[in-house]
Amino acid sequence: MSLACLVCSVESPSHSFRSYSVSSTENDGRCSAIANCLTRRPSLPLPRHSNIASSKVTPQPTLSNSGSIPGTPRLVRSRAVRRDIVRDWNFDERRKAKGMAVKGTATTTPSSSVCSVPTLFFAFTLLCALSLSLFFLSNPSPSSSPSPSSSSFISLNAPLSPQNSLKVYLADLPRSLNYGLLEKYWASGPDSRLQTDTDHQIPDSHLPKNLEFPPYPDNPLIKQYSAEYWILGDLMTPPEHRTGSFASRVFDADEADVVFVPFFATLSAELQLATAKGVFRKKAGNEDYERQRQVVDFVKNTEAWKRSGGRDHVFVLTGGDFGVISVIIYVVLKLEAFLADPVAMWHVRAEIAPAVLLVVDFGGWYTLESRSSNGNSSDVIQHTQVSLLKDVIVPYTHLLPRLQLTENKKRQTLLYFKGAKHRHRGGLVRETLWDLLVNEPDVIMEEGFPNATGREQSIKGMRTSEFCLHPAGDTPTSCRLFDAMQSLCIPVIVSDNIELPFEGMVDYSEFSVFVAVDDALKPNWIVSHLRTFTREQRDRFRRTMAQFQPMFEYDNGHPGGIGPIPPDGAVNHMWKMVHQKLPMIKESIVRERRKPPGVSVPRRCH
C-alpha cells in the first residue's frame with residue numbers, strides 16, 4: 001500500500017484529519033479512495049441526493065438504493081443556524097424522506113460509511129506507524145553503534161569516531177627529550193643502584209643500531225614508571241592502526257582538546273640519579289634540570305600555551321616522589337633533607353602546575369611537618385599544584401606477569417609481603433606492621449625488591465597467598481599493588497591517604513580489603529580480620545579481580561610500543577579520564593580570560 005493511498009488531498013489548512021470528524025460532500029470521493037485502499041474492495045458509485053441542511057452539524061438520513069446496504073445516520077458539515085431552530089427539528093420525519101436529495105448535499109452509501117470517524121482515525125494511525133517505520137529505517141539503530149558496556153569500565157573494542165574521542169595534539173619537542181633519552185640510556189653503563197643490571201649485561205651489539213623507537217628499560221627502578229613510553233607510543237602509531245584508541249591525534253593545535261607534552265620526565269630524572277645523584281637537587285651541572293628547562297621554555301613560548309595558560313597541556317609525572325624533599329627529624333634533633341625515590345620535573349613543577357598531570361598518586365606533594373608541636377606530624381597537600389579535579393591518577397607498570405584465572409591454584413599462605421622494611425614519612429607504619437606480623441603463622445614477610453632474584457620470589461609468594469599486604473611506603477601506593485592484582489592475590493591496603501587509578505570506572509572494594517592504619521597497628525587485628533573472609537568471598541574477589549586485570553596493562557606487545565593498544569587497557573582508560581577533565585579545563589580557561597589586566601588571583605586546585 002503506497003503512502004498516497006492513506007492521505008486525503010487537502011485544499012486548505014482546515015482540511016486536516018481533525019476537520020474531517022464531520023464529512024462534507026466535496027470530499028466523499030477522497031474518503032471513498034481511503035476506504036478502497038484500506039479494504040481492497042472496489043468503490044461503489046456515489047449517488048447524489050438532496051437534503052436540506054441548515055445547521056452546522058446536520059443529521060443525514062440513510063438512503064437505500066438497490067444493491068446497497070442500509071446504513072446509520074451520519075453527520076456532515078453545513079451552514080450554522082441558531083440553536084432554537086435545532087430544537088424544532090423532527091429527526092423521524094427526515095428519516096422518512098428516503099430517496100429525496102437536494103443538490104449540494106451528501107448521502108450515506110456503503111463506501112461513505114467506511115469514511116466514518118473511526119475509519120479516519122484508523123487511517124491516521126496507520127499513517128503515523130508508516131512514518132515512524134520510514135524514520136527508523138532511514139536512521140541507524142542506537143544499538144548498532146558502539147556504546148558503553150554494562151561493566152564498570154568502558155569497552156572500546158569498536159572503532160571510535162572523532163565525535164566520541166579525545167582530540168590530542170602532540171607538542172613538537174626535540175627527539176632528544178624522549179626517544180633520544182632511551183638511546184642515551186642504552187649507551188650508558190650499569191645502574192649503580194642495582195646489584196645486577198640485566199639491561200646492561202647484554203652487549204650493545206645485541207641491540208639493533210639506529211632504532212627509531214628503542215625499547216624501554218627492563219630495570220625495575222625505571223620500568224614501573226613506563227607510562228610515559230606507552231602513551232607516546234599510542235600517539236606515534238600510524239592512524240590506520242589506532243582504531244581502538246580513544247585518543248584521536250590531530251595536527252593542528254587549534255583543533256585539539258589537549259596538548260600532550262612528550263617528555264620522558266621520569267627517565268630523564270633516572271639517568272641523572274644513576275650517574276650523578278649528588279647534583280640532582282642543584283641546577284649547575286644537572287643535565288636533568290637542563291632538560292626540564294628546555295621543555296618548559298619550549299611549551300611556554302607556543303601559542304597553545306599562551307592561549308590557555310597551560311591548562312590544556314598534559315604532562316606525565318609518574319616518577320616516584322615527584323620531587324618533594326622530605327624533612328625528617330632524628331632523635332639527635334638534627335634536621336636532614338634527603339631525596340627519597342626517583343622524581344620527575346622536580347625543579348619546574350610549580351611552573352607546570354596549571355597543566356593536567358598524570359601521576360601515580362599525590363604522595364610527592366605531601367610534606368611531613370616534623371617541627372609541629374609535641375613532635376606530632378600532619379600531612380599537608382599543596383592544593384595549588386595537584387588536585388583530583390584537574391589531574392589524573394594512573395597505575396604503575398606492574399613488574400610481575402599476569403596469572404589467568406584458569407591457572408589459579410590452591411593458595412597455602414594467608415598473607416604475603418615483600419619489600420623494604422625501613423621507609424620514611426607515611427611508610428613509617430610499615431616498620432610497626434612488620435614487627436607485628438613477622439612471627440604470625442600463615443604470614444610471610446620478606447625484605448627485598450623484585451629484581452632478577454627477588455622477582456621469582458615475588459611471583460611464587462603472591463601466587464600462593466590468599467592476601468597480599470600493601471602498606472604505605474615513601475608514597476601512599478606502589479607497583480606492588482598492581483603486581484598483586486596481576487597475581488590474583490587479594491590486596492590488603494593499609495594506606496589512609498591512598499588515591500587509586502580510574503576510580504569511578506572501577507570499584508576497588510569489590511576485590512580489595514581496606515584497613516585503617518589505626519586498626520592495622522592493633523596486635524593480631526589484621527590476621528583475625530582476614531580469617532573472617534569465607535572461601536566463597538575470596539573466590540568472588542578473585543573472579544572480579546580477573547575481570548579488571550587488563551585495565552592496568554600498558555604493554556601493547558609491539559616493538560617500540562608502536563602498534564594498536566589494548567582497547568580495555570591502561571592507556572585508553574587514561575585518555576578517557578583526561579576526556580572527563582575537559583569541562584573543567586574549558587571553564588578555567590574562560591575564567592582566566594575575563595580577569596582585568598593586572599588582577600592576580602591565587603591559584604586553587606581544590
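The values are calculated or read from the model by the stated rules, or taken from the named source; none is laboratory data. The model shown is predicted, which means the values in this text are computed figures rather than measured ones. When we count neighbours, we look across all protein chains shown, and the Cβ atoms used for this are built from the backbone with ideal geometry, even at glycine. Heads up: the accessible areas ignore ligands, DNA and RNA and are worked out on the full protein's heavy atoms, side chains in. Shrake-Rupley method; radii C 1.70, N 1.55, O 1.52, S 1.80 Å.
Assuming charge only on the beta carbon of Lys and Arg (+1) and of Asp and Glu (-1), the dipole of region 405-551 about its Cα centre is about 500 debye to the nearest 20.
Close amide H contacts of Glu446 (hydrogens built in the peptide plane, cut-off under 5 Å, sequence separation of 5 or more or a different chain): Phe417, Lys418, Gly419. The gain in end-to-end length when the Glu240 to Glu503 segment is fully stretched comes to 91.6 nm, 0.36 nm per residue minus the alpha carbon separation.
Multiplying the residue separation of Glu446 and Lys522 by 0.36 nm and subtracting their alpha-carbon distance yields 25.3 nm.
Residues in region 405-551 average 42 Å² of solvent-accessible surface per residue, probe 1.4 Å, ligands and nucleic acids excluded. Beyond a 24 Å Cα-Cα separation, which of these cross-linked pairs lie in this structure: Lys282/Lys306; Lys283/Lys586; Lys167/Lys390? Where the Cα-Cα span goes over 24 Å, the pairs concerned are Lys282/Lys306; Lys283/Lys586. Couplings 3J(HN,Hα) for region 551-560, derived from phi with the Karplus relation 6.51 cos²θ - 1.76 cosθ + 1.60 (θ = phi - 60°), are 5, 10, 9, 8, 4, 9, x, 10, x, x Hz, where x marks Gly and Pro. Close amide H contacts of Arg249 (hydrogens built in the peptide plane, cut-off under 5 Å, sequence separation of 5 or more or a different chain): Val168.
Simple point charges give the picture: +1 on the Cβ of Lys and Arg, -1 on the Cβ of Asp and Glu, and for region 209-314 a dipole about the Cα centre of about 580 debye. Give me the net charge for the shell around Gly454: Cβ to Cβ below 13 angstrom, other residues only, Lys and Arg +1, Asp and Glu -1. Summing Lys and Arg as +1 and Asp and Glu as -1 gives 0.
Taking the Cβ of Trp230 as the centre, find all other residues whose Cβ is under 14 Å away and add up their charges (Lys, Arg: +1; Asp, Glu: -1). The partial results should precede the final answer.
Working: positive: Lys223, Arg242; negative: Glu228, Asp234, Glu553, Asp555.
After counting each charged neighbour, the total is -2.
Remark on Glu499: its backbone amide H falls under 5 Å from those of Phe362, a criterion applied only to residues 5 or more positions apart or on other chains, H modelled at 1.01 Å from N. Using a probe of 1.4 Å on the protein chains alone, the accessible area found for Phe533 is around 40 Å².
When the Cα positions of Gly448, Leu500, Gly473 are compared along the charge dipole of region 405-551, Gly448 comes out farthest toward the positive end, with charges on each C-beta of Lys, Arg, Asp and Glu.
Phi angles of region 253-264 translate, via the Karplus equation with coefficients 6.51, -1.76, 1.60 and θ = phi - 60°, into HN-Hα couplings of 4, 5, 8, 8, 7, 9, 10, 8, 9, x, 9, 7 Hz per residue; Gly and Pro are given as x. Between Lys283 and Val438, the simple spin-label model (points 7 angstrom out along Cα→Cβ) gives 4.5 nm.
Can you work out the FRET efficiency for the pair Glu290 and Arg193, with r the C-beta to C-beta distance and R0 = 22 Å, to the nearest 0.05? Write out the running numbers ahead of the final one.
Details: r = 22 Å, r/R0 = 1.00.
Given R0 = 22 Å and the Cβ-Cβ separation, E is 0.50.
Solvent exposure of Asp496, expressed as accessible area, is near 100 Å², computed with a probe of 1.4 Å over the protein chains only.
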